């Protein structure tokens, strides 16, 4: 790994995230691997988010504070400012493990397909607000599974700059599933690999019913946009998935199952 020392751009999008932002930034500063740049895109926070950004200004390569059109618009701003060979997106309330970046770089350096890799996923530890682990998620990217649903978690992934050069930036008309839509574009030609290591702690709060139903709409819009399914049958899948989600929610509500 000594001869492989790529610059890694880590993009944090934040809005009124003062409660946890400092922890996210410190988790990057405390990395065992040191060749990185931190980019913080703030959506015009009204709490003391910018006080924290200013506190760590010497560690931050680029930052801007202005209203945006959602997280994918913020990520696009970060991408335009970034200069790294590899790009990662860290939530403002998430924390990298100290070994995270080093693990990625070591893995890439010894990979048989090193020069062609475009995307690497890893494991993610979902935690509560007190950082107590709830479960570990994150699977290897496989087209036959991915074309049906999102099986990777963006916070635990590395994206090569070549991937964005080839397929463009995120579609910011999406508000929830823009990362899924982006990774549908390469279809089965994506040069992907899997690092079977937990690289990040992701705070996992409750997801509102509205967001769950909106995610279904956006997931199928992404599939239609990329020619995965016909726009004629997409409404049928959307309807069926919403019915299944509603039934499952009732099972959770009445204690038949533990979680969605």
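Numbers below:
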| item | result |
| --- | --- |
| Rounded, prolate or oblate (a/c below 1.5 giving rounded, otherwise prolate when a/b exceeds b/c) for the range 167-233 by Cα gyration tensor | oblate |
| Calculated P(r) tail over 20 Å for the range 74-157, as whole % of Cα pairs | 44 percent |
| Normalised convex hull volume, the range 50-116, alpha-carbon set, Å³ per residue | 128 Å³ |
| The range 210-253: projected area of the alpha-carbon convex hull, averaged over directions, in nm² | 3.0 nm² |
| Solvent-free Debye scattering, log10 I(q)/I(0), computed from the Cα coordinates of the range 1-106 at q = 0.19 Å⁻¹ | -0.89 |
| Calculated semi-axes √(5λ) of the Cα gyration tensor in Å (choose from [x] 34, 19, 16; [y] 26, 21, 18; [z] 29, 23, 19), label | [z] |
| GNM flexibility winner over the chain from 212, 190, 79 (Cα, springs under 10 Å) | 212 |
| FRET efficiency estimate (nearest 0.05) - Cβ-Cβ, residue 115 to residue 175, R0 30 angstrom | 0.30 |
| Modelled FRET efficiency - R0 45 Å, residue 232 with residue 66, Cβ distances, 0.05 increments | 0.65 |
| Among 126, 134, 21, residue whose mean-square fluctuation peaks in a GNM of the chain (springs only between Cα atoms under 10 Å) | 134 |
| The range 60-117 versus the range 141-161: alpha-carbon centroid distance in Å | 15 Å |
| Antiparallel content of DSSP bridges confined to the chain, in %, to 5 | 30 percent |
| With Cα atoms, 0 to 90° folded angle of helix 18-29 axis to the chain main axis | 60 degrees |
| Alpha-carbon spread of the range 106-260, three principal axes, descending order, Å | 50, 44, 26 |
| Convex hull volume per residue for the range 43-196, taking Cα atoms only, in Å³ | 138 Å³ |
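Any read-out appearing in this document is the output of simple, stated calculations on the displayed coordinates, not a laboratory observation. Note that this is a predicted model, so its numbers are computed, not measured. So basically every Cβ, Gly included, is an ideal-geometry build from the backbone, and we count neighbours across all protein chains shown.
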